[in-house]
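Taking it in order: structure first as structure tokens, then the write-up.
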Amino acid sequence: MSRFIKLSRSTVERYIQCQRCCYLEKNHNIRPPSLPFTLNIAVDNLCKNEFDFYREKQEPHPLFKKHQIDAVPFKHDHIDIWRNNFQGLRYKSLDYNYDFGGAIDDVWQNRSGELIVADVKATSRNEFNWLETFQKYDYPKAYKRQLEMYQWLLRKKGFKVSNEAYLLYFNGKKNEKFFNNTLQFDTHLIKLDCSSEWVEQAILDTVNLLRSSTFPKPSTKCDFCNYIKKRWNLAKNT
């Protein structure tokens, strides 16, 4: 039997961005250091607490009314497990011998019973323009893939899931005249039309890479690999 692989949503995303970095991180525990985004985590937790208030009452969040979303926060016994970074929403494949999962931010349920996936993001820009950002940068596309992977997981669990998904963006105002120990935010709810049809093949491709003995080539678009290449070339000539 092939080697059992446990992987996360971020592992598949790493595969999409750079197969070499994915292989190094998962098989050799070699990865660039990262710092915790503690302010983002605080915003995320406060937002979850707020949704839990309406989840318990099974009432729509005020944002739903503002944006005409006919839904309430989804109430389920495992919602806290799904949102836990060390547990998350997981699916095990006996056919391909892998365990795939990720920690979801929130789930809503519309009137027809479909589940709606939502993810919380925090940023701080003078002007927030989602369409321009989506067209210009790669990371918003990764956010969309993140939602689609969560949709795939929920479908694998047998739930009826809407193709409609949301990014809840909190944009910190950094040009206020006074701070007063209070950070003010603009709130932006971004609706995305998603498809999870690509997800299963991407998981299988990632699993096959991690089981392979062939060291993958770096991506030409990978910042980490390009940094190492330029540093190595410079060292050879000095």
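The values are calculated or read from the model by the stated rules, or taken from the named source; none is laboratory data. Bear in mind that the values here come from a model prediction, so they are computed numbers and not experimental data. For neighbour counting, all protein chains shown are included, and Cβ atoms are generated from backbone atoms with ideal geometry for every residue, glycine included.
Scanning the range 131-144 for residues that are aromatic (F, W, Y) and surrounded by 14 or more Cβ atoms within 10 Å (Cβ to Cβ), which turns out modelled with the highest pLDDT?
So, considering only residues that are aromatic (F, W, Y) and surrounded by 14 or more Cβ atoms within 10 Å (Cβ to Cβ), the one modelled with the highest pLDDT is Y143.
Quick check on the range 189-218: of everything there that is assigned to a helix (DSSP H, G or I) and β-branched (V, I, T), which residue is surrounded by the fewest Cβ atoms within 10 Å (Cβ to Cβ)?
V199
How many residues are among the hydrophobic types (A, V, I, L, M, F, W, C) and in a loop (DSSP other than H, G, I, E, B) if we restrict to the range 1-26?
Looking only at that region, the number is 3.
Would you say K221 is among the charged types (D, E, K, R), touching an Asp or Glu at 6+ places or on another chain (Cβ under 9 Å), surrounded by fewer than 15 Cβ atoms within 10 Å (Cβ to Cβ) and touching a residue at least 12 places away in the same chain (Cβ under 8 Å)?
So K221 fits the description; yes.
What are the residue pairs meeting all of these: first residue in the range 24-35, first residue touching a residue at least 24 places away in the same chain (Cβ under 8 Å) and more than 12 Å from R14 (Cβ to Cβ), second residue loosely packed, with under 10 Cβ neighbours inside 10 Å and not basic (K, R), Cβ atoms under 7 Å, and 6 or more apart or on different chains?
Final answer for the pair search is none.
At pLDDT 95 or above, touching a helix residue (DSSP H, G or I) at 6+ places or on another chain (Cβ under 7 Å) and surrounded by fewer than 16 Cβ atoms within 10 Å (Cβ to Cβ), is that true of K75?
Here the answer is yes, as K75 does meet what is asked.
Name the single residue, out of those in the range 87-122 being part of a loop (DSSP other than H, G, I, E, B) and in contact with an Asp or Glu (Cβ under 6 Å, 6 or more places away or on another chain), that is surrounded by the most Cβ atoms within 10 Å (Cβ to Cβ).
Step by step, filter the range 87-122, then rank; the result is D105.
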